[in-house]
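The values are calculated or read from the model by the stated rules, or taken from the named source; none is laboratory data. Just so it is clear, the structure is predicted and the values come from calculations on it, not from any experiment. All Cβ positions, glycine included, derive from the backbone under ideal geometry; neighbour counts span all protein chains shown. Just so you know, the surface numbers come from the protein's heavy atoms only, side chains and all, with ligands and any DNA or RNA stripped out. Shrake-Rupley method; radii C 1.70, N 1.55, O 1.52, S 1.80 Å.
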Amino acid sequence: MTDEGRARPKLDTSIAHPARVYDYWLGGKDNYAADREVAERVLAIVPEAPRSVRANRAFLKRAVRLTAEAGVRQFLDIGSGLPTAENSHDIAQQVRPDAHVVYVDNDPIVLVHGNALLAGTGSTTVVQSDARDPEAILGHPEVRRHIDFGQPVAVLLLGVLHFVPDDQDPYGIVARLAKAMVPGSHLILSHLTGDSDPENAKRFLESVNREARAVVRTREEVQRFFDGFELLDPGVVPVDRWRPDGPDAMKRFWLWAGVGRKA
Ligand SMILES: C[S@@+](CC[C@H](N)C(=O)[O-])C[C@H]1O[C@@H](n2cnc3c(N)ncnc32)[C@H](O)[C@@H]1O
């Protein structure tokens with residue numbers, strides 16, 4: 001890792017951060033009082049939040065496995081979150097031991113834990129960068145060291161674009177990433193939605209707007225992120241219904257998910 005990657009991150013635990021709120025719902029230990037307060041506030045409105053985030057992680061596993069089996073050996077996981085039980089590199093390297101994985105997150109705690117987890121692994125790294133600045137990500141020395149953009153790459157944007165409101169050009173961000181991806185590359189994406197319960201989605205967004213400028217998007221709006229990609233079956237669907245392992249679908253769902261392939 002370069003000196004840039006090892007720079008001592010600034011960590012403010014007095015303000016809730018999505019990575020740590022998410023960690024709390026997943027049953028992790030890398031969260032603080034401010035994160036737990038927000039997580040509990042959301043649970044009062046969306047009691048199925050923990051189940052939704054587990055479904056999102058299960059989607060990640062299925063999609064990464066499928067992509068690796070399709071021949072992809074490079075993974076750029078943007079808004080990767082804190083390491084959990086099975087991460088993108090665990091899945092990808094089960095299928096392809098030579099797979100390279102770069103995690104990107106803007107929360108400094110992800111860098112700290114990622115570096116600890118990955119100490120000694122040569123083919124996986126974590127960088128602190130912002131999803132809203134794709135050129136900084138694509139040009140980061142660690143990203144360049146691990147990912148050859150002349151070869152297919154899977155770009156993961158799971159549960160992160162809902163932190164990019166329309167005035168910060170989320171579609172332009174994805175289009176700029178897509179431009180760097182050669183044919184055979186994949187886009188793996190999940191996104192918060194209020195489609196199955198607009199009223200509670202509104203309450204939920206209002207309850208967190210002090211901590212995060214989150215937005216929900218409709219299925220059509222999420223589908224637009226795949227412009228320029230061929231959507232793999234079954235298209236953009238509730239996260240637990242994307243090629244599910246079991247029959248256990250949720251009644252109310254909070255995330256759309258899909259996988260696209262660049263032709
Ligand atoms: C809901 S978690 C999703 C984690 C993981 N991708 C998953 O789906 O399991 C959202 C993650 O996006 C990160 N994040 C939010 N805004 C970001 C930004 N502008 N740039 C990079 N990461 C961001 C948060 O720190 C957090 O780790």
Notebook entry, point to check: What is the one condition in (1) modelled with pLDDT under 95; (2) farther than 24 Å from Glu135 by Cβ that Arg213 does not satisfy?
Noted result: (2)
Note to self: Restricting to segment 102-136, name every residue that is away from the ligand (no atom under 13 Å from the Cβ), open to solvent by less than 20 Å² (accessible area, probe 1.4 Å) and within 19 Å of Asp148 (Cβ to Cβ).
What the structure shows: Thr124, Thr125
Next item on the list: For segment 12-49, enumerate the residues that are buried (at least 16 other Cβ atoms within 10 Å of the Cβ), touching a Phe, Trp or Tyr at 6+ places or on another chain (Cβ under 8 Å), more than 18 Å from Glu206 (Cβ to Cβ) and not charged (D, E, K, R).
Entry: Asn31
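Considering only residues of segment 187-236 that are of a type in the set (Val, Ile, Thr) and assigned to a loop (DSSP other than H, G, I, E, B), which is surrounded by the fewest Cβ atoms within 10 Å (Cβ to Cβ)?
Let us first name the residues in segment 187-236 that are of a type in the set (Val, Ile, Thr), namely 188, 193, 208, 215-216, 218, 222, 236.
From what's left, assigned to a loop (DSSP other than H, G, I, E, B): 193, 215-216, 218, 236.
Values: Thr193: 25, Val215: 20, Val216: 20, Thr218: 14, Val236: 23.
Checking each candidate, the answer is Thr218.
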Next item on the list: Mind listing just one residue for me: the one in segment 166-186 that is among the small types (Gly, Ala, Ser) and open to solvent by less than 50 Å² (accessible area, probe 1.4 Å) and, of those, farthest from Val104 (Cα to Cα)?
Entry: Gly184
Checklist line | Close pairs (9 angstrom Cβ cut-off, 6 or more residues apart or separate chains): under 16 Å from Ala249 (Cβ atoms) in segment 190-205, among the acidic types (Asp, Glu) anywhere | finding: Thr193/Glu221
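Considering only residues of segment 249-263 that are assigned to a loop (DSSP other than H, G, I, E, B) and of a type in the set (Lys, Arg), which is most open to solvent (accessible area, probe 1.4 Å)?
Of all residues in segment 249-263, those assigned to a loop (DSSP other than H, G, I, E, B) come to 249-254, 262-263.
Narrowing further to those that are of a type in the set (Lys, Arg): 251-252, 262.
Working: Lys251: 196, Arg252: 57, Lys262: 42 Å².
The qualifying residue most open to solvent (accessible area, probe 1.4 Å) is Lys251.
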Next item on the list: Output the residues belonging to segment 70-101 that are away from the ligand (no atom under 16 Å from the Cβ), touching a helix residue (DSSP H, G or I) at 6+ places or on another chain (Cβ under 6 Å) and open to solvent by 10 Å² or more (accessible area, probe 1.4 Å).
Entry: Val95, Arg96, His100
Notebook entry, point to check: Out of (1) touching a strand residue (DSSP E or B) at 6+ places or on another chain (Cβ under 6 Å); (2) closer than 26 Å to Ala16 by Cα, what's the single condition that is false for Val143?
Noted result: (2)
Notebook entry, point to check: For segment 6-100, which fully contained helices (runs of 4 or more DSSP H) count at least 1 residues that are more than 19 Å from Leu118 (Cα to Cα)?
Noted result: 18-25, 33-45, 49-69
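With respect to Pro134, determine if the residue is out of contact with any helix residue (DSSP H, G or I) (no Cβ under 7 Å at 6 or more places or on another chain), free of Cβ contacts under 8 Å to residues at least 60 places away in the same chain and not aliphatic (A, V, I, L, M). I'd like the intermediate steps shown before the answer.
On the way: out of contact with any helix residue (DSSP H, G or I) (no Cβ under 7 Å at 6 or more places or on another chain): no; free of Cβ contacts under 8 Å to residues at least 60 places away in the same chain: yes; not aliphatic (A, V, I, L, M): yes.
The answer is no for Pro134.
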Note to self: Condition first: within 18 Å of the chain's Cα centre (by Cα), more than 13 Å from Leu76 (Cβ to Cβ) and either more than 14 Å from the ligand (Cβ to nearest atom) or open to solvent by less than 30 Å² (accessible area, probe 1.4 Å) (or both). Now tell me which residues in segment 137-165 satisfy that.
What the structure shows: Gly159, Leu161, His162, Val164, Pro165
Next item on the list: Please state which of the following conditions Arg20 fails to meet, knowing it meets all the rest: (1) modelled with pLDDT of 95 or more; (2) more than 30 Å from Arg261 (Cα to Cα); (3) in contact with a helix residue (DSSP H, G or I) (Cβ under 6 Å, 6 or more places away or on another chain).
Entry: (1)
